[in-house]
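Engineer: Okay, handing you the structure first.
The values are calculated or read from the model by the stated rules, or taken from the named source; none is laboratory data. These numbers come from a predicted model, not from an experiment. All Cβ positions, glycine included, derive from the backbone under ideal geometry; neighbour counts span all protein chains shown. Surface areas here come from the heavy atoms of the whole protein model, side chains and all, with no ligands, DNA or RNA. Shrake-Rupley method; radii C 1.70, N 1.55, O 1.52, S 1.80 Å.
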Amino acid sequence: MRGLLIVNKINDVFYQDCDTEFVNHVNKQAVEQGLLQAGQYDEKELDSSIVMQLFSPLFMSQWFLIEQRRNPCSSISCENGFLFVFKQYEEFLIVAISQDKEDTELFLRKKIGVLIRVIEFLFGPVTNEIGYSIFCRRNDRWRFLQNLMKTWELLRKEEHSFLVEAIERLHVNQLVNEKCMEILENAINRLQSAGEKNTHHALLIINSKLLSLYSNRNSPLLAESDVLCIILLARLLFPTNEKLEDLFSYRKPDDNGGSEEMKSPASITVTPPRDRYESAVEGEDSVDEDNYMSATETPSTKIKAENPYPAVSEHVTEEEITEPEHKVLEGITEPEHRPGDITSEGYTTPDSSPSITDLNKLVDNSGRLTPIGRSRSRTFGGVTTGRITPGPGRARSRSLNQDNQVIRDNTPLQRNSSPLLRQEPEQPMSPVIRSSPDHIRQTAFLSTQLCSFSPYQLDFIQIFPGMVIVLLSEIPRAHHAGSLCQLLRLLNDLLSGQKTQVQRVQGHVLYDLINTILYKLASAMKKARGNIERILEDIRKRWDNAEFKSALLSYLEQGAGTDIPPGAERSLTGLHKKVKDLFLHLYLYPYDISPSVSQAMSSVCERAKVKMFDYKDYLSVKSQRNIVMTSYLDAFPGLVHFIYIDRRTNQLTAPSLNITEEGEILDATQFLKNKIWTMTSWMYSKLTNGVTVAMAREGDYYFSYFLWFTDFQGTPLPVQHTYQEGDINVLPGILSGQFYTGLKRHCFPNMIPISVNCYELIMMHVGLVNVQYIISHRQKLAKQLFEASGDTQMNLVL
């Protein structure tokens with residue numbers, strides 16, 4: 001029984017994620033108290049008004065402890081087994097509720113931290129969008145976040161990388177690595193030639209592991225926590241559960257709807273999609289040198305494993321299309337003005353209806369929907385178009401018929417059979433994006449050195465099941481995001497009563513700093529039109545109000561701890577909201593995407609399919625058996641498993657754990673995996689208490705944990721200042737906060753954190769091994785893994 005709630009100070013519910021058991025429990029309590037009538041409520045969804053009425057005493061008491069006593073509760077344990085964990089985040093109160101014995105307080109705190117990180121990744125500083133969505137329905141947004149968190153929980157149970165929150169790289173030979181880098185470089189070049197000039201990074205993800213990363217010169221560094229968020233999002237948008245058993249057998253459906261065994265892959269030959277690629281890429285050189293064909297036949301079907309990862313993006317069932325003879329449509333655009341458009345040079349939105357030059361390419365680019373939401377699929381004369389409600393971002397595209405008129409119709413939606421998406425959607429409330437079945441575009445906010453919420457647009461391209469290319473392009477006008485984030489931080493600082501800037505500067509100087517930021521933003525956007533023009537004018541009037549200026553300066557000149565005047569607080573609150581609206585309309589407002597981008601993405605996909613066709617099964621196996629434990633058994637007798645994490649680059653090395661499932665019986669590897677996951681969580685709980693070396697015996701196995709520091713030469717560094725529980729406010733990991741950066745600052749106050757390297761090693765031995773051998777294995781294994789890793793950095797720049 002689980003529930004996750006986000007409320008504001010007046011108990012408005014901004015987000016809820018509750019399972020069916022928790023919903024039924026709360027509804028029964030409401031019926032007993034006379035708030036609901038039996039049988040007249042939704043058994044699958046919790047009414048927000050019921051949450052407000054039942055939980056108001058708990059929420060109000062927590063807000064009182066936060067604002068008045070400055071000593072809120074972190075958790076509450078009830079006699080009936082319920083556990084409540086609280087976290088204040090800006091103007092919100094996040095409450096995680098669970099009655100499951102497996103959910104500890106540490107896990108619920110981690111879950112809240114990951115939820116905050118995901119919200120910031122998708123919405124940036126405009127966190128109130130989770131409750132008051134302008135561009136799509138709130139329930140669609142909630143459903144997307146709920147499935148994203150479910151995907152995180154599943155990955156945390158299955159993958160080392162999400163258990164310890166570090167990136168796992170695939171180890172492949174030089175030939176495959178060079179081929180992957182060539183594909184990523186070509187993908188960036190194709191997207192730039194299509195109009196996306198600020199494309200900085202390209203990643204190739206295999207299942208949940210990173211194979212290659214390519215970055216342009218002078219591009220901002222890509223944070224490891226952002227890479228994990230990108231992998232999480234890619235796994236949700238393109239779910240897969242391919243197993244090794246599926247690679248060694250093929251099945252075909254029989255006449256009765258069942259399946260029968262076929263040959264092994266060694267006796268079946270397949271052909272890469274060469275013809276389709278050559279027809280899709282115009283002007284490309286011949287790819288004879290990249291033709292790795294070794295056979296001529298293709299198996300009819302391949303069995304697909306059941307997918308445990310909840311897919312949010314809906315699939316449209318495309319009608320069978322007969323390609324008629326047609327004429328090339330010359331591009332005639334129909335301009336459309338939307339609120340929020342900027343019409344000056346350098347601040348222009350893409351044209352809403354760019355020219356269409358190939359009808360066949362429009363047919364190939366249809367069918368895949370963006371995240372968070374709803375869709376409409378329409379077929380007109382052989383052209384299929386898609387309508388999608390965007391989430392934190394995205395875009396719209398329209399099609400023209402042969403008379404150069406915008407195609408419109410109300411053809412009903414053809415839906416898939418996903419149990420998460422059975423209810424018929426309502427009419428979309430915002431502009432839409434048009435994408436191909438293998439291409440999804442999503443907005444995200446990355447943490448860079450210049451801005452904590454730098455707006456990027458992410459293009460996810462599925463090459464094969466489990467193999468996804470991600471292209472990261474900076475959104476136009478992204479250079480204003482740093483000033484807006486600084487302004488929001490200063491205003492939020494004043495509203496919270498902290499006035500941290502006043503400790504270093506006088507009130508007039510702080511006022512001048514805010515005034516300078518507003519003036520620069522207004523000057524840069526003086527040619528703005530629509531909603532942005534109105535928002536900027538409203539901000540200027542609020543800031544130039546003489547009464548507000550006098551009250552604010554009087555408040556700033558007073559010492560810390562002084563309460564802000566009510567009038568100034570109301571004005572600051574309104575100003576803070578308007579600045580968020582400006583950020584929202586600049587970076588989260590849906591905009592148009594030209595067909596050239598969709599065609600470029602289709603070209604990238606087809607080219608990558610040809611290049612990677614002969615390696616797809618090899619990479620699928622490598623993603624499941626990246627490193628095998630057998631290569632370490634001779635040098636380390638008694639060692640069963642290990643996890644080595646280089647916190648300098650947040651990369652991990654660990655042998656793969658492959659579970660063979662036969663019916664309802666699992667092999668012994670599942671038993672070992674459960675112990676490893678349980679003991680790793682226990683060791684990280686000890687790390688939060690200040691323990692950096694721990695050894696424990698669990699059943700027939702010894703578990704050990706080591707954390708140590710070195711300089712750049714690898715020389716161990718003695719800790720200058722030990723830390724205890726409470727010294728670091730975030731949990732171990734990189735998703736819910738930079739724990740290890742704070743740890744280095746605390747343990748080495750006289751050194752620059754970047755000059756100190758941190759490493760972790762978790763080992764599992766059989767119980768017969770002596771403790772002295774465990775210490776020896778730790779030193780030898782750490783040295784071997786450090787030398788094997790070399791001095792490669794996470795952010796590869798070519």
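Engineer: What number of residues in region 714-727 are more than 20 Å from Ile645 (Cβ to Cβ) and without any contact (Cβ under 8 Å) to a residue 24 or more places away in the chain?
Structural biologist: Result for region 714-727: 2.
Engineer: What pairs can you find where one residue is in region 671-690 and open to solvent by 40 Å² or more (accessible area, probe 1.4 Å), the other is of a type in the set (Gly, Ala, Ser), and their Cβ atoms are less than 7 Å apart, with a gap of 6+ or different chains?
Structural biologist: Within 7 Å, the pairs are Lys686/Ala694.
Engineer: Also, I was wondering about something else. When the residues of region 740-776 are filtered to those that are in a helix (DSSP H, G or I) and among the polar types (S, T, N, Q), which remaining residue is most open to solvent (accessible area, probe 1.4 Å)?
Structural biologist: The selected residue is Gln772.
Engineer: Please enumerate the residues belonging to region 561-582 that are assigned to a helix (DSSP H, G or I), open to solvent by 40 Å² or more (accessible area, probe 1.4 Å), touching a residue at least 12 places away in the same chain (Cβ under 8 Å) and among the charged types (D, E, K, R).
Structural biologist: Glu569, Lys578, listed by residue number.
Engineer: Still on this structure: Looking at Pro419, Pro476, can you tell me which residue is at pLDDT below 85, open to solvent by 20 Å² or more (accessible area, probe 1.4 Å) and either of a type in the set (A, V, I, L, M, F, W, C) or farther than 21 Å from Glu606 by Cβ (or both)? Don't jump to the end; show me each part of the working.
Structural biologist: Details: Pro476 fails: at pLDDT below 85.
The unique qualifying residue is Pro419.
Engineer: What single numbered condition from (1) at pLDDT 55 or above; (2) out of contact with any strand residue (DSSP E or B) (no Cβ under 9 Å at 6 or more places or on another chain); (3) open to solvent by 10 Å² or more (accessible area, probe 1.4 Å) fails to hold for Leu236?
Structural biologist: (3)
Engineer: Also, quick follow-up: Which of the residues spanning region 1-49 are closer than 21 Å to Cys78 by Cα and more than 26 Å from the chain's Cα centre (by Cα)?
Structural biologist: Listed by number, the residues that qualify are Glu21, Phe22, Val23, Asn24, His25, Val26, Asn27, Lys28, Gln29, Ala30, Glu32, Gln33.
Engineer: On to the next question. Does region 139-183 hold any residues that are closer than 19 Å to Lys44 by Cβ and touching a Gly at 6+ places or on another chain (Cβ under 7 Å), and which are they?
Structural biologist: Passing the criteria: Asp140, Arg141, Phe144.
Engineer: Could you list, in sequence order, the residues of region 149-180 that are in a helix (DSSP H, G or I) and of a type in the set (Lys, Arg)? Outline the logic, then answer.
Structural biologist: So in region 149-180, the residues in a helix (DSSP H, G or I) come out as 149-158, 160-164, 174-180.
Of everything in region 149-180, those that are in a helix (DSSP H, G or I) and of a type in the set (Lys, Arg) turn out to be Lys150, Arg156, Lys157, Lys179.
Engineer: Something else about it: Inspect all residues belonging to region 103-111 and state whether any of them is free of Cβ contacts under 8 Å to residues at least 60 places away in the same chain, assigned to a helix (DSSP H, G or I) and closer than 24 Å to Trp142 by Cβ.
Structural biologist: yes
Engineer: Residue check: is Val85 at pLDDT below 95, within 19 Å of Ala96 (Cβ to Cβ) and open to solvent by less than 20 Å² (accessible area, probe 1.4 Å)?
Structural biologist: No, not satisfied.
Engineer: I would also like to ask the following. Since Arg117 meets every condition but one in (1) assigned to a strand (DSSP E or B); (2) within 21 Å of the chain's Cα centre (by Cα), which condition does it not meet?
Structural biologist: Condition (1) is where Arg117 drops out.
Engineer: Taking the stated definitions as given, is Val730 open to solvent by 50 Å² or more (accessible area, probe 1.4 Å) and either in contact (Cβ under 8 Å) with a residue 60 or more places away in the chain or part of a loop (DSSP other than H, G, I, E, B) (or both)?
Structural biologist: No: the conditions fail for Val730.
Engineer: I've got another one for you. Just to verify a result, which residue in region 1-52, among those that are in a loop (DSSP other than H, G, I, E, B) and hydrophobic (A, V, I, L, M, F, W, C), is modelled with the lowest pLDDT?
Structural biologist: Ala38
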